[in-house]
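A short write-up of the structure that comes next.
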Amino acid sequence: MPTTAELIQGQALGQLVDHHAFALAAKDEPLTWARETVRKLLADRTDQDRIDDTVLVATELLTNAIRHAGGPVSFTLDLYEKGVTVGVVDRGPDTTAIPSSLASYLPDMNDEEAAVIREEDLSECGRGLFLISACAAGWGVEPARGGKVVTAALCLVGSLT
């Protein structure tokens, strides 16, 4: 599983343009607020499909943190010349609870088989990580002070390869 620095370095996102960090503890509707904030910050930077993908990834990461980690959750959005990273920090210390690949949460399947699985074949648990893997150029989890951070990198222009 790559660290955040390795994830960013491996995706050729370009130079950091802007950094945003938000504590969500005081938000009445943190998911709604996060979706609106991502849309606002990415407006005029990319096409609607890529904004929608980033909103989906942010929502899934935040939902997992809120549902499973307990405690306060914070959210970062780093804008790069060619992409964006979405990071969610929570108080859950167990970085091994998050699978490192599609195959690891789809029993008895390798990544190639997992890549073509239909949504209806997935259990309720694990769908968010499947969506993140499908939308993001890459993602990773690493320990953070008092918990962990899960970060996903998304391309906003052209192709990263």
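Let's test the formula: R0 of 22 Å, r as the Cβ-Cβ distance of Leu16 and Val157. What FRET efficiency results, to the nearest 0.05? List each step's numbers first, then the result.
Details: r = 15 Å, r/R0 = 0.70.
Efficiency at R0 = 22 Å is approximately 0.90.
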For the pair Asp49 and Glu29, the simple spin-label estimate (label points 7 Å beyond Cα toward Cβ) gives in nm 2.9 nm
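Just add up the charged neighbours of Lys148: K/R +1, D/E -1, any other residue whose Cβ is under 12 Å from the Cβ of Lys148. Show your work: numbers first, answer last.
On the way: positive: Arg91, Arg145; negative: Asp90, Asp94, Glu142.
With Lys, Arg at +1 and Asp, Glu at -1, the net is -1.
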List the lysines whose Cα lies under 24 Å from the Cα of Lys27, skipping any in the same chain that are fewer than 8 positions away. Lys40, Lys148
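Here, each number is a calculation from the coordinates, and none is a lab measurement. The structure displayed is predicted, hence computed values, not measured ones. Every residue, glycine among them, receives a Cβ derived from its backbone with ideal geometry; neighbour counts consider all protein chains shown.
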